[in-house]
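See below for the structure under consideration.
The values are calculated or read from the model by the stated rules, or taken from the named source; none is laboratory data. Just so it is clear, the model here is predicted, and its values are computed rather than measured. Don't worry about glycine lacking a Cβ; one is built from the backbone with ideal geometry, like all the others, and counts go over all protein chains shown.
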Amino acid sequence: MVINTSAPASTSASQRARGTLLVHTCTRAMTGPLEWVVSEVLGESIKLQWSPQPIAPSAVRTDVEWIATPGTAAALASRLMRIPNIRFEITEFVHGGGCDQRFSFTPDLGLYRADIDVNGDITLNEQRIRTAMDRHADNPGELRRALNLMLGAQWDAELEPFRIASDGDSVRWVHRVG
């Protein structure tokens with residue numbers, strides 16, 4: 001589903017953003033409140049198409065793409081993270097090279113936000129990398145941990161099985177022993 005929100009006639013293409021919301025898990029009871037949030041943020045009534053989440057039998061999933069004003073992803077993330085037992089990802093690309101960003105949320109980890117490039121790859125600014133190197137120069141394990149945190153590795157690890165399941169692939173849970 002693609003939503004093109006109505007914007008004032010004075011809104012130029014350079015003031016537009018396109019984005020995607022992927023809801024990996026949401027309880028059936030919270031689909032209505034989630035749709036209300038999306039409708040309110042996008043400024044029009046939205047009815048999403050929900051499908052079962054294969055690896056979370058009590059949950060459903062959906063996705064929606066939109067064209068709206070920059071900042072829509074942040075507004076969605078700040079509101080959606082209040083919904084219990086939800087997992088989601090949001091990306092936003094600003095026309096003309098603005099501040100492209102990705103948000104990921106899980107109940108256990110909370111909200112993660114990163115700047116991204118046009119391919120969706122996370123970009124880290126030089127100062128953050130230098131600070132991590134300075135703080136952990138004598139401890140490579142801590143440097144690795146700090147960089148993984150900046151890259152959202154924990155969020156990717158938790159969300160990857162849900163991403164695979166949404167592609168229609170079968171998911172195999174493997175538990176590491178030892």
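Screening the candidates Asp121, Asp115, Asp100 for the property of being crowded, with 17+ Cβ neighbours inside 10 Å and within 29 Å of Val23 (Cβ to Cβ) yields one hit, Asp100. Within segment 81-131, the set of residues being touching a Leu at 6+ places or on another chain (Cβ under 6 Å) and modelled with pLDDT under 95 comprises just one member, Ile122. Summed over segment 79-109, the residues that are farther than 20 Å from Ala157 by Cβ and either without any contact (Cβ under 8 Å) to a residue 24 or more places away in the chain or over 14 Å from the mean Cα position of the chain (by Cα) (or both) give a count of 10.
In segment 64-78, what count of residues is obtained for those that are over 13 Å from Val23 (Cβ atoms) and surrounded by fewer than 20 Cβ atoms within 10 Å (Cβ to Cβ)?
Applying the first criterion (over 13 Å from Val23 (Cβ atoms)) to segment 64-78 yields 66-75, 78.
Keeping just the survivors that are surrounded by fewer than 20 Cβ atoms within 10 Å (Cβ to Cβ) gives 67, 69, 71, 74-75, 78.
Of the residues in segment 64-78, 6 are over 13 Å from Val23 (Cβ atoms) and surrounded by fewer than 20 Cβ atoms within 10 Å (Cβ to Cβ).
Here is the figure for segment 120-143: residues that are more than 15 Å from the chain's Cα centre (by Cα) and under 30 Å from Ile55 (Cα atoms) total 0.
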